[in-house]
Amino acid sequence: MAKRLAEGFLWGGATAANQCEGAYHEDGKGLSIADVEMGSRAGVRREIHDDIYPDAYYPSHVGVDFYHHYKEDIKLFAEMGFKCYRMSIAWTRIFPNGDDELPNEAGLAFYDDVFDELKKYGIEPVVTLHHYEMPLNLVKKYGSWRSRKLVDFAVRYAKVVFERYKDKVKYWITFNEINAAVISPRPWHQAGVVYQEDENVADVKLLIGHHQLLASALSVKAGHEINPDFQIGCMLIFHLSYAMTCRPEDQIVSREKMLPQFYFGDVQVRGYYSNSFKRYEDMVGGKLTMEPGDAEILQEGKVDFISFSYYFSTVESTDPTIETVGNVAKGGRNPYLNITKWGWQIDPIGLRTALNQLYDRYQLPLFIVENGMGELDTVEDDGSIHDEYRIKYLQDHISALKDAVIIDHVDLMGYCPWGCIDLVSAGTGEMKKRYGFIYVDKDDKGDGTLKRSRKDSFYWYKKVIATNGEHL
Ligand code: BG6
């Protein structure tokens, strides 16, 4: 039995363009759905505007200004020993309005520079095409992913970037947390949609998911044609659900809670909607009508690997009075687990279970591309940041993933903890909810010098990578 992780294991970190780049209006970039969302706080919805209002504060506009600091940031990633860096391309830098005929050269050039800088340090880019960011124009003009036209626009964008970076990027991910759009009651981040009172919400939910799945499949197919060496993955939000008790009925409801991730996984990995989808349709009371040829499209666009985010688990019960916790993925409180200040239950063993559930079902290489703990950090007088809580969280999760690989023989490509450098929270728009190994001096009002500094976890993760996960 292999006692260690394989050499070549992809240690790295993950970010998303709209949460770190800033420069929201520079070099021809168009407005995105993230650019009109205000900051908020835990448990309160972020206010969404139809345009930029003069006195409002929009955290994505500056982010942590990766756009102007990428050289410094990549140098710090290299100092930690990153083998890969998961990032996303902002669709609005390439096609500012989404339906433009021609791409924006300045946007393409920016990512050329970023990929060249990564290459300088031997860091492999892992690039997400759609990470909670799309042109606002597509929402206003076409109703976002409700419209099938979006599939064409998204595929045009995918082809342009695949062609442009075919010799610079090998690992691609189509949609971040593609299944989150159906889980969310208001999938603005995920799909640019706020449901209207006069629409059949269940049908729209299934349709926006379907359109994204078609766009993903067509992009995968195009990518493989452009460069057969591309490795293109799906990305699921993995929400592990346990039965609250050993009552058989609790087992049924907890399995049903997980249907959205498995129905999306089934389409992207196997190429068809399975029984999980049919049951989900019944549960939400909706019906998907596919067009002729859709089944073939899905069949021809199967992914090469499965990436996923894992943050917490919840429990399910037939008892409607149980306490609920979580974020967009909500569920019951588990009395055996600790919980973060933002109400996310800490469950490292659940990561081992998640890896096993996905690998048993699909037998494709897995990639953990998000995991981590949002916490408040304190900067000491001497500038140091002692984030032992973050180290503990990551230690326990890495230990669990090693068990999945070494004991359970799961095929795992790599590990990219979320927000390797502090960035804007997707859920709340806060800066104080920090995930990074690298601290960024910026607060919830947008004040701060943007100075970067190393936290204790920075030095710890560097050792983890140097020892290929032996030093925890
Ligand atoms: C994932 C998203 O769901 O969770 C990220 O892909 C997000 O974009 C991350 O930032 C953590 O969530 P939050 O709300 O703490 O930023």
* Would you check if Gly22 is within 16 Å of the ligand (Cβ to nearest atom), among the small types (Gly, Ala, Ser) and open to solvent by 60 Å² or more (accessible area, probe 1.4 Å)? => no
* Can you tell me which residues in region 250-277 are under 11 Å from Leu206 (Cβ atoms) and not hydroxyl-bearing (Ser, Thr, Tyr)? -> Pro260, Phe277
* To do: Would you check if there is a residue in region 7-16 being in a loop (DSSP other than H, G, I, E, B), open to solvent by 10 Å² or more (accessible area, probe 1.4 Å) and of a type in the set (S, T, N, Q)?
  => no
* Among (1) open to solvent by less than 20 Å² (accessible area, probe 1.4 Å); (2) outside any helix (DSSP H, G or I); (3) away from the ligand (no atom under 16 Å from the Cβ); (4) among the hydroxyl-bearing types (Ser, Thr, Tyr), the one test that Ser219 misses -> (2)
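Rundown of residues vs (1) within 16 Å of the ligand (Cβ to nearest atom); (2) without any contact (Cβ under 8 Å) to a residue 12 or more places away in the chain; (3) over 21 Å from Arg454 (Cα atoms), yes/no style:
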site: Glu72; (1), (2), (3): no, no, no
site: Phe77; (1), (2), (3): no, no, no
site: Phe82; (1), (2), (3): no, no, no
site: Ile89; (1), (2), (3): yes, no, yes
site: Glu117; (1), (2), (3): no, no, no
site: Pro125; (1), (2), (3): no, no, yes
site: Pro135; (1), (2), (3): no, no, yes
site: Asp152; (1), (2), (3): no, yes, yes
* Structure fact -> Inside region 397-451, the number of residues satisfying the requirement of being within 21 Å of the chain's Cα centre (by Cα) and either farther than 19 Å from Phe66 by Cβ or open to solvent by 50 Å² or more (accessible area, probe 1.4 Å) (or both) is 12
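Residues checked against (1) more than 22 Å from Trp188 (Cα to Cα); (2) within 14 Å of the ligand (Cβ to nearest atom); (3) of a type outside the set (Gly, Ala, Ser):
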{"position": "Lys402", "(1), (2), (3)": "yes, no, yes"}
{"position": "Ile406", "(1), (2), (3)": "yes, no, yes"}
{"position": "Leu412", "(1), (2), (3)": "yes, no, yes"}
{"position": "Cys416", "(1), (2), (3)": "yes, yes, yes"}
{"position": "Cys420", "(1), (2), (3)": "yes, yes, yes"}
{"position": "Val424", "(1), (2), (3)": "no, yes, yes"}
{"position": "Ile438", "(1), (2), (3)": "yes, no, yes"}
* Just one of the numbered conditions (1) touching a residue at least 40 places away in the same chain (Cβ under 8 Å); (2) outside any helix (DSSP H, G or I); (3) of a type in the set (S, T, N, Q) is not true of Thr353; which one? -> (2)
* Considering only region 328-351, how many residues are within 15 Å of the ligand (Cβ to nearest atom), open to solvent by 50 Å² or more (accessible area, probe 1.4 Å) and within 22 Å of Ile183 (Cα to Cα)? -> 2
* Asked: Can you spot a residue in region 101-111 that is small (Gly, Ala, Ser), open to solvent by 10 Å² or more (accessible area, probe 1.4 Å) and at pLDDT below 95?
  -> no
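So how many residues does region 1-36 have that are among the acidic types (Asp, Glu) and under 20 Å from Phe175 (Cα atoms)?
Qualifying residue count, region 1-36: 2.
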* To do: Report the residue count in region 365-390 for those that are crowded, with 20+ Cβ neighbours inside 10 Å and either of a type in the set (Asp, Glu) or away from the ligand (no atom under 16 Å from the Cβ) (or both).
  => 4
* So which residues in region 162-187 are open to solvent by 20 Å² or more (accessible area, probe 1.4 Å) and within 22 Å of Trp91 (Cα to Cα)? -> Glu163, Arg164, Lys166, Asp167, Lys168, Lys170, Tyr171, Arg186
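The values are calculated or read from the model by the stated rules, or taken from the named source; none is laboratory data. All values derive from a computational prediction rather than experimental measurement. Glycine gets a Cβ as well: all are built from the backbone with ideal geometry, and neighbour counts include every protein chain shown. Side chains included, ligands, DNA and RNA excluded: accessible areas come from the protein's heavy atoms. Shrake-Rupley method; radii C 1.70, N 1.55, O 1.52, S 1.80 Å.
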